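Each remark here refers to the structure printed beneath this line.
The values are calculated or read from the model by the stated rules, or taken from the named source; none is laboratory data. Only a predicted model underlies this, so the values are computations on that prediction, with no experimental measurement involved. Neighbour counts run over all protein chains shown; Cβ positions are idealised from the backbone, glycine included.
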Amino acid sequence: MRRVLSISLLAFLAAAATAAQSLPERSDRVVDYRISVALDPVKHVLTGRQTLTWRNPSTTDAVSELQFHLYLNAFKNTKSTFVQESGGQLRGAEMATDGWGWIDITSIATSAGADLTPTLAFIQPDDGNKDDQTVARVTLPEPVPPGGSVTLEMAFTSKLPQVFARTGYKDDFHLAGQWFPKLGVYEPAGMRGRETGGWNCHQFHANSEFYADFGTYAVDITVPSDYIVGATGERKRERANGNGTTTYTFEQADVHDFAWTADPDYVVVKATFSATQDVSPAEYERTAKLLGRTLDEVQLSDVDITVLLQPDHRPQAQRHIDAAKAGLKYYGLRYGRYPYKTLTVVDPAPGAGGAGGMEYPTFITAGSAWLFNFWPFDRIRLVEEVTVHEFGHQFWYGMVASNEFEEAWLDEGFNTWSTSKAMVEAYGADATIMEFLGFRMSDRDMSRASNDRAGRYNRILAKSWEYTPPGAYGFYSYYKPALALATLEGYLGEQTMARLMRTYHERWRFKHPRSEDFFALVNEVTGQDWSWYFDQVIRGTDIVDYDIGSASTRAVRTSQGVFDAAAGRRTVSSSDADEKDLEIERAKKQIFESVVVVRRSGGVKLPVEVAFKFEGRPVERQTWDGRDTTRRFRFERPEKLEWVDVDPDRTIALDVNWLNNGRRLTPDSRPAASWTARWLFMLQNVITTLGLL
Ligand SMILES: [Zn+2]
């Protein structure tokens, strides 16, 4: 009875404290796309028409120009910025002559009938590469007033590339991503720190992902009737056209992109995520308590899951479903319920791995291989890792829609950190990537494996095409931010971190935050100024490394020599001293002097704990502010120092080397772990090379 009372009191207090925090129900719906598209599966060409309505979100600016992303032109020829940046070739010889991709706006007019086609022009806001055709602008006959809107009638033709990066075809398999002319984001003054209003519409770069406004989509997709179609949103209608084709209509609100797939070979596997059966009352209660929210606020809703699987991968169906459910549960509980009714998980065709490991609203592509049906590869949780990760993007890229061109870490980094947490929750700590033959490896091990002393020339906070070399993008937008968030959690503790991330998600769901918004929220939630941390770790280039410079422990010897005293001068010879020392030793009254020098070998200065273990005593801890390059600790104790460990809980995940954090003063029997590190690094490279995250 008392317990019940205290729980309801807690719930009441939590509700009072968080009344203003409830989850936004919908987005601002700046855009409305009504698209009708037909697939030619032989030529891999999409013929489309779209009616697009854009509302001017500014309260002050009249806008007379619209800017569009034409992403598929990245694959048009070797002069595009995308191909230039990714090394001047598209998969070398594999790029057949029909493998190129492109998109043409064949006509564009206002709903009032004004033809805008003659005003259509390519622009290159990022690099001035005149050959790049991934951004176009049109000029309106009259400006759209603040709060006003304009409707355009457009026709376009898209040629999908042979699967290369995120989109394309492989034989009958078609993954249509970035396939229609998509508006950039008009950012009014004040939005994301802008001083004056203007379009944010970046070219497609080798490393960049996406940024677009929220809105509503209704898309008619016409394909040969034997093709199986999956897409963003809910399937509302299906119509046989009597000519061997079928048209499927999909609709979804509060998303900022739309992708679809068509392939006659898919095995369709359906499942339901049940908010009552897949999550226990105890799990809801635990979450509500952790987050300081009411049970209502953490309640999830049911979701229809569709897995479109390659026939060869049939044994992995349940793994995809379990992973999707693990994602729906973890992310939903932690950040707020998944607001959509559907989730489609696509398993790309063999040889189309480039389309795997990608996120679109309510629609993700996973990654698998026939090999993963069998031992020991079935023990590598790659299917799970990729599915959970891509699903997790629904909560960052999808709903907390930061600008991935400019601040990729807010998506990939946050999601890599969240994936790691979700995997631990679902599959256990230390064994989230794989567990066989006694070898266990966690997601965090993966991130740590790429963190080394060489990685100090870039900063996390950079535009995605600015990293040098371009490959550094992976470390600086995925792994280092994930380690930075893990380290932050080490300082804040699990509960504060969980509440911080919940609040960040709630406040920015269906909006476009930037890094400063997150930094400000950390200060707000903790009531402290954390700029010292973000300045060094997110804006800075240096590394973190704490180690033990030296450690010694030895008996204090009896002093020798000539000593002045009231009774007169006294000489202690070395043999007198030795005798005295022997006496002390026999009586077990020795005093030991222990001296430890802890070093900061990296440029980043973080406060750190140091643990000291003396013989027969409990572990003692001291905190060092970590500002100087060294700190000397000296003790005189009746006990010998057994070992010393800097950052004993390994909370500073950013530390480039944990092997030098501890020093044992008695002989060390622990095995060297460097082979493990090398192995992790190799596996991580494999996963990165497959482009699966
Ligand atoms: Zn990702």
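Reported count of residues in segment 554-578, each being exposed (fewer than 12 other Cβ atoms within 10 Å of the Cβ) and either in a helix (DSSP H, G or I) or aliphatic (A, V, I, L, M) (or both), is 6.
When restricted to residues that are assigned to a loop (DSSP other than H, G, I, E, B) and over 14 Å from Ala212 (Cβ atoms), segment 20-71 contains 15. When segment 206-225 is filtered for residues that are in contact with a Ser or Thr (Cβ under 9 Å, 6 or more places away or on another chain), outside any strand (DSSP E or B) and either closer than 20 Å to Gln50 by Cα or at pLDDT 95 or above (or both), the ones remaining, listed by number, are Tyr211, Asp213, Phe214, Ser225.
Checking segment 492-503 against the condition returns a match, with at least one residue being over 21 Å from Ala401 (Cα atoms) and either within 16 Å of the ligand (Cβ to nearest atom) or of a type in the set (A, V, I, L, M, F, W, C) (or both). The residues listed here are Gly354, Gly327; of these, the one that is more than 17 Å from Met423 (Cβ to Cβ) and within 16 Å of the ligand (Cβ to nearest atom) is Gly354. Please work out if Asp254 is at positive phi, surrounded by 21 or more Cβ atoms within 10 Å (Cβ to Cβ) and either under 27 Å from the mean Cα position of the chain (by Cα) or at pLDDT below 95 (or both). So Asp254 fits the description; yes. You will find that of Leu175, Leu152, the residue that is touching a helix residue (DSSP H, G or I) at 6+ places or on another chain (Cβ under 6 Å), of a type outside the set (Ser, Thr, Tyr), part of a strand (DSSP E or B) and assigned by TED's automatic domain parsing to the domain that holds Leu66 is Leu175 and no other. Residues in segment 184-196 that are more than 18 Å from Glu407 (Cα to Cα) and buried (at least 20 other Cβ atoms within 10 Å of the Cβ): none. Of the residues making up segment 154-178, those that are closer than 24 Å to Asp32 by Cβ and under 24 Å from the mean Cα position of the chain (by Cα) are Thr167, Ala176, Gly177, Gln178.
Within segment 109-134, being in contact (Cβ under 8 Å) with a residue 40 or more places away in the chain and assigned to a loop (DSSP other than H, G, I, E, B) holds for Ser111, Ile123, Gln124, Pro125, Asp126, Asp127, Asn129, Asp131, Asp132, Gln133, Thr134. Please tell me if Thr387 is near the ligand (Cβ under 10 Å from one of its atoms) and either touching a Lys or Arg at 6+ places or on another chain (Cβ under 6 Å) or of a type in the set (Val, Ile, Thr) (or both). In short, no. So which pairs qualify, if the first residue must be in segment 276-301 and free of Cβ contacts under 8 Å to residues at least 40 places away in the same chain, the second must be part of a helix (DSSP H, G or I) and crowded, with 16+ Cβ neighbours inside 10 Å, the Cβ gap must be under 6 Å, and the two must be at least 6 apart or on different chains? Pairs that qualify, where the first residue is free of Cβ contacts under 8 Å to residues at least 40 places away in the same chain and the partner is part of a helix (DSSP H, G or I) and crowded, with 16+ Cβ neighbours inside 10 Å, are Val298/Tyr284; Val298/Thr287; Val298/Ala288; Val298/Leu333; Leu300/Gly332.
Residues that are within 17 Å of Lys640 (Cα to Cα) and under 60 Å from the mean Cα position of the chain (by Cα) within segment 546-589 comprise Ser550, Ala551, Ser552, Thr553, Arg554, Ala555, Val556, Arg557, Glu585, Lys588, Lys589, listed in sequence order.
Counting the residues of segment 263-314 that are among the hydrophobic types (A, V, I, L, M, F, W, C) and outside any helix (DSSP H, G or I) gives 13. State yes or no: is Ala431 modelled with pLDDT under 70, in a loop (DSSP other than H, G, I, E, B) and over 19 Å from the mean Cα position of the chain (by Cα)? Criteria met by Ala431. Number of residues in segment 35-50 that are crowded, with 17+ Cβ neighbours inside 10 Å and closer than 12 Å to Asp171 by Cα: the value is 2.
If you scan segment 477-514, which residues turn out to be within 17 Å of the chain's Cα centre (by Cα), over 15 Å from Asn415 (Cβ atoms) and of a type in the set (S, T, N, Q)? Matches in segment 477-514: Thr487 only.
Glu85 fulfils the conditions (1) surrounded by 19 or more Cβ atoms within 10 Å (Cβ to Cβ); (2) at pLDDT 95 or above except for a single criterion, (2).
Looking at the structure I just gave you, is Ala326 assigned to a helix (DSSP H, G or I) and modelled with pLDDT of 95 or more? In short, yes. A single member of Arg379, Arg444, Arg337 is of a type in the set (Lys, Arg) and modelled with pLDDT of 95 or more, and it is Arg337.
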